Every structure is written in structure tokens, then in C-alpha cells.
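Let me begin by presenting the structure, written as C-alpha cells, before commenting on it.
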Amino acid sequence: MSRPARSIHGEWSSRWAFILAATGSAVGLGNIWKFPYIAGENGGGAFVLVYLGCIALIGLPVMMAEVLIGRRGRQNPVNTLKSLSTEEKAPASWTLLGWMGLLAGFIILSYYSVIAGQAMAYVFRAFSGVFTGVTADGANSIHQSLTGDPERLLAWHTLFMVFTMTVVARGVKSGLEKLVSFIMPALFIMLIILVGYAANTGEYFSQAASFLFTPDFSKLTEEAVLVAMGHAFFTLSLGMGAIMVYGSYLKKETSITTMSISISIADTIVALLAGMAIFPLVFANGMSPDAGFSLLFVTLPIAFGHMAGGQLFGGLFFILLVFAAWSSAISLIEPAVAWLVENKQISRRRASVTIGFAAWLLGLFTVFSFNIGENWLLFGMTMFGLLDYLTTNIMLPLGGLLTIIFAGWVMAKESTKDELAIRLPIFYHTWRILVRYISPIAIIIVFLNKIGLVG
Ligand code: PHE
């Protein structure tokens, strides 16, 4: 079957542009907000170790599989899976994998935007100096006054969604590539400054290091293992077609392996730095590491509130966080937008507004789950908790599992070999063993273990 021309489909201007965009997608709220709080909730060290293992053994091979499938199919995930399954003489039902990805991205965006909205609100709080000299209790109540007020939360959620739709409507090339090349290094420097500040807490810094890096396996529950694996997918933007669609804009000559390794390493370093910036403050202020989703919004204001120039640094930090969230949000919506543009012949602008508006509506559940709807529970979770659980712990790992089965078992060896074009045969073989056996078995064991069938 001949593949469609690349005409409506974009292409990155360079290899560097892809690396930046994919890193921009990977590095986001997941690293700076979510990783520290779930590590705290799940007991630290052992959880972190499992998470790192999942990045290396599952995340990296899945990322390579997604990029290669995307680049070979050259369209949005649904169409790509359709044309590749025809090409590989596999059932057309593989397109369902593409559909599940579109849906997962859309649901994640709905709550991602609400949290990113909080980060936006914090830009103004930080610059205005309300954090100066703040105590742990003060920081807590500042955060609660924001989340407890549905109107404010809604306003910020709306603003963030408009930001996201605007960039996606313009096409990824012109705006995003440039933005990300400046945000990522700046964010990195800010994190180092924060870790430097946290290092001044002396004993608490070492307490934080041992909390994060000394594994105590007695604290590791089946649930924690599932959360660690789900987060590996979330943080690397895998299992829902974001990296696949970005891969589809990639030129043939680029090495998928080198790029995937660099993206995964950068993403992991940012998460670990965020942990080392936040936990020393948690301990130094007598707070509990398992405070949950508000951890970042409570600890960092304390740091900025006591730091020379904290007003300025704090404001800048939250700006960078918003940008990092922004470059991730775009990739959450891109697969669905690309599908609309490529199949329904509507403009990028209309497609972005349609999907963005629908995600905004669904986001209302998350807005309300911090205030008027905090008692609307389903399976013991708030609406936000439920949407997050469903996507991160179920849909993304399942999407990732099907992606590697497709790359390892459905696609012919020649196809993946040709697309990956790895020079040293041993590397290709290692990847193939990982996607055919090790990673799928690992994902299945974690799932079965969680529902109590093994272990
Ligand atoms: N990886 C992003 C983060 O860590 C979130 C994300 C998930 C983006 C899935 C795209 C796809 O914040």
C-alpha cells in the first residue's frame, strides 16, 4: 500500500527541533509536581527505584517503538496504525490502539490544565510577595484559598486551555520549537538554584536524599509498583500517541535510539532534581512527605519566601513551570487535532478549538473535585483522582503494552530494523528482546500483581 504524501502533515525543521519538542512534551508537571508527590505518598526510595527501573526497561523501549511506528506511518496515530497494519497484514482492529491514545490524551489534558492553571496563579502570587516569610501553615492556606474557590480555579483553567489551543492552532513548528529551546535550559538552571537552596538545610538535605534513594522494600505495595510504572509512562509521554505523532513529523535520517536515550535521561534528571529541591524543605518544616497533590504548591513558596531575591526567583520559577506544562499540553492534544485535520479536512484552528473546548468541559470535574465536589467519590476517589488513575495507571500502560506488541510481534523484523537503522546489531537485538519479551511481561506482571492474581 502506498503511503500518503506528507503534504497536510507537518515536518520538523531539524532533528534538534524534534528533540526539543519531545523533551518539552516529556518534561512537565509530571516531573516537577507529580513525581515528588507520588514518591512522597508511596514511601520514597523503593518507589523511586522501581520507577527508575520502569524508565529503563519499559519506558525507553516503548519510546523507541512509538517513534519508529510514527515515523513509518507518517500520519496521526489512528491512521498510522491503520496503514501499518495493512502493510504488515494484521487486523485493522489495531486502529483501536490509536483511538485509545486520542482518548487518553484528551482526558489527561482536562485535568492537566487545571493544575497548570494553579501554577499560573502562583506566578502572580510569587511576584506580588505574598510568600515573603511564609510559614508552612501560611503556605497551606494560600494554596487552599485558591483550590477552595471554584471560580478562581476555573478562570485559570480557562486561561491555560486558551494558551494551549492558540499554539496548537498555529501549528507546532513556528511557535513551539522556539519557545522550548529557551524554556528547558532555563528551567534546569532554576531547579539547580532551588536544589542549592535546599542543600543549605544541611541535615534535612541528607534526610531527603536518604528518603528518596535508600530503598525500603517493606514500604513497597502492589499499588506503589503500579503507580511507579504508570508514572514512567506519564512522565515520558508514552502510551497515548503523543510521541508517535511527534515521530511522524521526523525525517528519516535521524537516530531514534540516541534521541530516545537523551530524552529519557533529561526527563529523569529533572524529576530527581525536583525531588531534591522539595523534600529537604518538607523535612525542615516538619511537614509530611505524603501531603499529596499540594506538596509543590506548599513547599516551594516556603523556599522562595525565605530566599534572598525569592520574590523574583519564585515568579520566574512558576513562569517556567507554566511553560513546561504548556509544551506538554500541546502534545496531549496534538494526536486528536492531527486526526481531525487529516481525516475531516477541517482547519487546525477549528480542530484545536473543538478538542480544547471539550477537554475544558471535562476539566470542570477536576475543578470541582478540590472544592464543592470534594465528596463526589467514585471507587473511593475524587473525580480528579479517578481521571488520573484511569489514564495514568491503566490506559497509558495498556497503550504502551499494545504498542510494543505491535512493534515486536506484528511488524516484521525487517520493518523495524529498517526504521531504527541501528548500526551495532547487538543494540537492535537487545531492543527487540525487550519489546518482545521483557517489557510486555513486566507490564503484564505489574497488572496481574495489582489485581491480586500473582505475587
Ligand atoms: N509527560 C508530561 C509530564 O510529565 C505529561 C504528558 C503525558 C504529556 C502524556 C503528553 C502525554 O508532565
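The values are calculated or read from the model by the stated rules, or taken from the named source; none is laboratory data. Given the structure is predicted, the values throughout are model-derived calculations rather than measurements. Every residue, glycine as well, gets a Cβ built from its backbone with ideal geometry; the counts of neighbours run over all protein chains shown.
Kindly indicate whether Val282 is hydrophobic (A, V, I, L, M, F, W, C), in a helix (DSSP H, G or I) and more than 15 Å from the ligand (Cβ to nearest atom).
In short, yes.
Scan Leu52, Leu60 and give me the residue that is within 24 Å of Ala324 (Cβ to Cβ), within 16 Å of the ligand (Cβ to nearest atom) and surrounded by fewer than 23 Cβ atoms within 10 Å (Cβ to Cβ).
Leu52
Identify all residues within the range 198-208 that are out of contact with any helix residue (DSSP H, G or I) (no Cβ under 7 Å at 6 or more places or on another chain) and either among the polar types (S, T, N, Q) or surrounded by 15 or more Cβ atoms within 10 Å (Cβ to Cβ) (or both); write none if there are none.
Asn200, Ser206
Looking for something within 22 Å of Gly385 (Cβ to Cβ), of a type in the set (Ser, Thr, Tyr) and either at pLDDT 95 or above or part of a helix (DSSP H, G or I) (or both) - is there at least one such residue anywhere in the range 164-171?
no
Looking at (1) in a helix (DSSP H, G or I); (2) out of contact with any helix residue (DSSP H, G or I) (no Cβ under 6 Å at 6 or more places or on another chain); (3) crowded, with 16+ Cβ neighbours inside 10 Å, which is the one condition that is false for Val130?
(1)
Here are the criteria: (1) free of Cβ contacts under 8 Å to residues at least 12 places away in the same chain; (2) β-branched (Val, Ile, Thr); (3) surrounded by 21 or more Cβ atoms within 10 Å (Cβ to Cβ). Tell me which single one Val180 does not satisfy.
(1)
Any chance you could count how many residues in the range 335-364 are surrounded by 22 or more Cβ atoms within 10 Å (Cβ to Cβ), among the hydrophobic types (A, V, I, L, M, F, W, C) and within 16 Å of the ligand (Cβ to nearest atom)?
Number satisfying all stated conditions: 6.
Taking only pairs six or more apart or across chains, which ones have beta-carbon atoms under 6 Å, a first residue in the range 228-245 that is touching a residue at least 60 places away in the same chain (Cβ under 8 Å), and a second residue that is more than 8 Å from the ligand (Cβ to nearest atom) and charged (D, E, K, R)?
Listed pairs, sorted by first residue: Ile243/Glu66; Met244/Glu66; Val245/Glu334.
Give me a count of the residues in the range 368-395 that are out of contact with any Gly (no Cβ under 8 Å at 6 or more places or on another chain), over 26 Å from Val225 (Cα atoms) and crowded, with 19+ Cβ neighbours inside 10 Å.
1
Residues in the range 364-386 that are touching a Leu at 6+ places or on another chain (Cβ under 8 Å) and at pLDDT 95 or above: how many?
7
Only helices (runs of 4 or more DSSP H) wholly contained in the range 202-250 count here; list those with 3 or more residues that are within 23 Å of Gly28 (Cβ to Cβ) and under 13 Å from the mean Cα position of the chain (by Cα).
222-235
Tell me, which helices (runs of 4 or more DSSP H) wholly within the range 350-439 include 1 or more residues that are small (Gly, Ala, Ser)?
Output list reads 383-388, 396-405, 413-420.
Conditions (1) within 15 Å of the chain's Cα centre (by Cα); (2) modelled with pLDDT of 95 or more, marked per residue:
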| residue | (1), (2) |
| --- | --- |
| Phe18 | no, no |
| Ala26 | yes, yes |
| Ile32 | yes, yes |
| Asn42 | no, yes |
| Ala46 | no, yes |
| Gly53 | no, yes |
| Gly59 | yes, yes |
| Val62 | yes, yes |
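Can you go through Leu312, Leu321, Leu272, Leu332 and tell me which one is surrounded by fewer than 24 Cβ atoms within 10 Å (Cβ to Cβ) and within 14 Å of the ligand (Cβ to nearest atom)?
Checking each option against the conditions leaves just Leu272.
Can Phe35 be described as away from the ligand (no atom under 16 Å from the Cβ), in contact with a helix residue (DSSP H, G or I) (Cβ under 7 Å, 6 or more places away or on another chain) and part of a helix (DSSP H, G or I)?
no
Could you tell me whether any residue of the range 136-153 is in a helix (DSSP H, G or I) and closer than 15 Å to Ile333 by Cα?
no
Yes or no: Leu332 in a helix (DSSP H, G or I), among the hydrophobic types (A, V, I, L, M, F, W, C), within 18 Å of the chain's Cα centre (by Cα) and within 19 Å of Leu390 (Cα to Cα)?
yes
Looking at the structure I just gave you, is Glu11 farther than 20 Å from Glu177 by Cβ, more than 16 Å from the ligand (Cβ to nearest atom), surrounded by fewer than 19 Cβ atoms within 10 Å (Cβ to Cβ) and of a type in the set (Asp, Glu)?
Criteria not met by Glu11.
Kindly indicate the residue of the range 213-260 that is of a type in the set (Phe, Trp, Tyr) and buried (at least 24 other Cβ atoms within 10 Å of the Cβ) and also nearest to the ligand (Cβ to nearest atom) among those meeting that condition.
Result: Phe234.
Might you check whether a residue that is away from the ligand (no atom under 16 Å from the Cβ), at pLDDT below 95 and either in a helix (DSSP H, G or I) or not small (Gly, Ala, Ser) (or both) occurs anywhere in the range 290-297?
yes
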